[in-house]
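Peer 1: Structure provided below as structure tokens; questions to follow.
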Amino acid sequence: MPPPTSRHAWPGTPTATDRLLTAELAAATRRLEAAGVASPRTDAQLLAAHVLGVPRGRLPLVREVPADVLDRFWDLVGRRAGRAPLQHLTGEAYFRHLTLAVGPGVFVPRPETEAVVGWAIDTLAAEASSMPAERPGPVCVDLCAGSGAIALALADEVAGAEVHAVEADPAALTYLRRNVAATGPPVRVHAADVLGIPTGYGPVGAWAQVPVLDGLAGLVGRVDAVVSNPPYLPDADRAVVEPEVGRHDPPWALWGGGGDGLAGPRAVAAAAAALLRPGGLFAMEHADGQGAAIRALLAAAGGWSEIATRRDLAGRDRFVTARR
Ligand SMILES: C[S@@+](CC[C@H](N)C(=O)[O-])C[C@H]1O[C@@H](n2cnc3c(N)ncnc32)[C@H](O)[C@@H]1O
């Protein structure tokens, strides 16, 4: 084949309308910064990597960007400046070793939840090391599973685990089933109402048709670990949450109910108490101001030992652990 006669002869080569990526990234960073986005440079880079279909680390190798790709980039920058969550724009969220599909209608998994599931993974591994090798893997349940972050991490990282994920919201269930199908390790999905309480923020009337312990009757008293990130925010936080959260996460994923946000965690603790075998483990995320109240509600419910508040990387109370 003869060599091309002009630089435009090869598909994908720059044209007169192509623009230098570094200049576009700098302009996008300024726009996101002005909109109050917390990490404007990183977000601009991640959006550019997304539209270009390259890992972020390869951006320095890209100089010029075709006009149509640039149009898509600026459309996403505009939506991010409107405070749509970055993960809704790229369609994916990273959680431990997993990449999960997310979007409007499902809670975006958070880094702090990685520590909650990490505690359960480490504790189950330590317990397994003192058990006979032929013992079956642990039975684990993720209550309020959302996109499946906790359940899928357990299935991915706990050898031989039998993992169940319970979620009520139909939109979240769509993402959950999609992530289970795409990720590989088996997770059984249950459409059931874990809380069974009118939080006032979600279509609880519809969900209440499938009470959790009906759907999980076969698991009552035989679960080795329940791990949960339930809705727990107190009403007082409604005035202070970032727009990405308040406008885009489903309200029933956020607000715990009862004013102090503890109705959701209390209901999850009750479901965990019924599901766990004697000696089974419980880990539940909560808000940074709820450590003492959550320890007190477990103590008041009775039947729990080793109740402890654990901290996140920023040193804030972040989750409770206990043994049945
Ligand atoms: C804070 S989000 C956590 C999602 C996921 N576990 C994570 O960490 O990314 C809470 C989840 O609880 C679900 N949820 C709210 N009320 C529920 C109920 N009554 N029964 C079951 N799930 C519920 C929401 O739909 C949402 O997916």
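The values are calculated or read from the model by the stated rules, or taken from the named source; none is laboratory data. All figures in this text were calculated on a predicted structure; none of them were measured in a lab. Cβ sites come from the backbone with ideal geometry, for glycine too, and all protein chains shown count toward neighbours. The accessibility values were calculated without ligands, DNA or RNA, using every heavy atom of the protein model including side chains. Shrake-Rupley method; radii C 1.70, N 1.55, O 1.52, S 1.80 Å.
Peer 1: Do we find a residue being more than 30 Å from LEU195 (Cβ to Cβ), more than 16 Å from the ligand (Cβ to nearest atom) and in a loop (DSSP other than H, G, I, E, B) anywhere in the stretch 67-89?
Peer 2: Scanning the stretch 67-89, I find at least one residue that is more than 30 Å from LEU195 (Cβ to Cβ), more than 16 Å from the ligand (Cβ to nearest atom) and in a loop (DSSP other than H, G, I, E, B), so the answer is yes.
Matching residues to (1) within 16 Å of the chain's Cα centre (by Cα); (2) of a type in the set (D, E, K, R); (3) away from the ligand (no atom under 16 Å from the Cβ); (4) over 30 Å from ARG79 (Cα atoms):
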site	(1), (2), (3), (4)
VAL220	no, no, yes, yes
ASN229	yes, no, no, no
PRO251	yes, no, no, no
GLY279	no, no, yes, yes
PHE282	no, no, no, yes
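Peer 1: Condition (residue is free of Cβ contacts under 8 Å to residues at least 24 places away in the same chain and of a type in the set (Val, Ile, Thr)) applied to the stretch 67-87: is it met by at least one residue?
Peer 2: Yes, the stretch 67-87 has at least one match.
Peer 1: Would you check if THR123 is modelled with pLDDT of 95 or more, open to solvent by 20 Å² or more (accessible area, probe 1.4 Å) and away from the ligand (no atom under 16 Å from the Cβ)?
Peer 2: Against the criterion (modelled with pLDDT of 95 or more, open to solvent by 20 Å² or more (accessible area, probe 1.4 Å) and away from the ligand (no atom under 16 Å from the Cβ)), THR123 qualifies.
Peer 1: Take ARG96 and decide whether it is open to solvent by 20 Å² or more (accessible area, probe 1.4 Å), in contact (Cβ under 8 Å) with a residue 60 or more places away in the chain and on the phi > 0 side of the Ramachandran plot.
Peer 2: yes
Peer 1: Going through ALA171, ALA182 one at a time, which residue ends up being more than 10 Å from the ligand (Cβ to nearest atom), in a helix (DSSP H, G or I) and open to solvent by 10 Å² or more (accessible area, probe 1.4 Å)?
Peer 2: It is ALA182.
Peer 1: Could you please find all residues in the stretch 299-314 being within 21 Å of ARG110 (Cα to Cα) and assigned to a strand (DSSP E or B)?
Peer 2: Hits for the stretch 299-314 are THR309, ARG310, ARG311.
Peer 1: Here's another thing I want to ask about it. Could you say whether any residue in the stretch 301-313 is within 11 Å of the ligand (Cβ to nearest atom) and farther than 20 Å from VAL166 by Cα?
Peer 2: Scanning the stretch 301-313 turns up no residue that is within 11 Å of the ligand (Cβ to nearest atom) and farther than 20 Å from VAL166 by Cα.
Peer 1: A further question follows. State which residue is most open to solvent (accessible area, probe 1.4 Å) when the search covers only the stretch 254-281 and only residues that are outside any helix (DSSP H, G or I), within 29 Å of VAL240 (Cβ to Cβ) and of a type outside the set (Asp, Glu).
Peer 2: GLY258
Peer 1: Just need a number here: residues in the stretch 90-104 that are outside any loop (DSSP other than H, G, I, E, B) and over 17 Å from PRO250 (Cβ atoms).
Peer 2: Of the residues in that region, 6 qualify.
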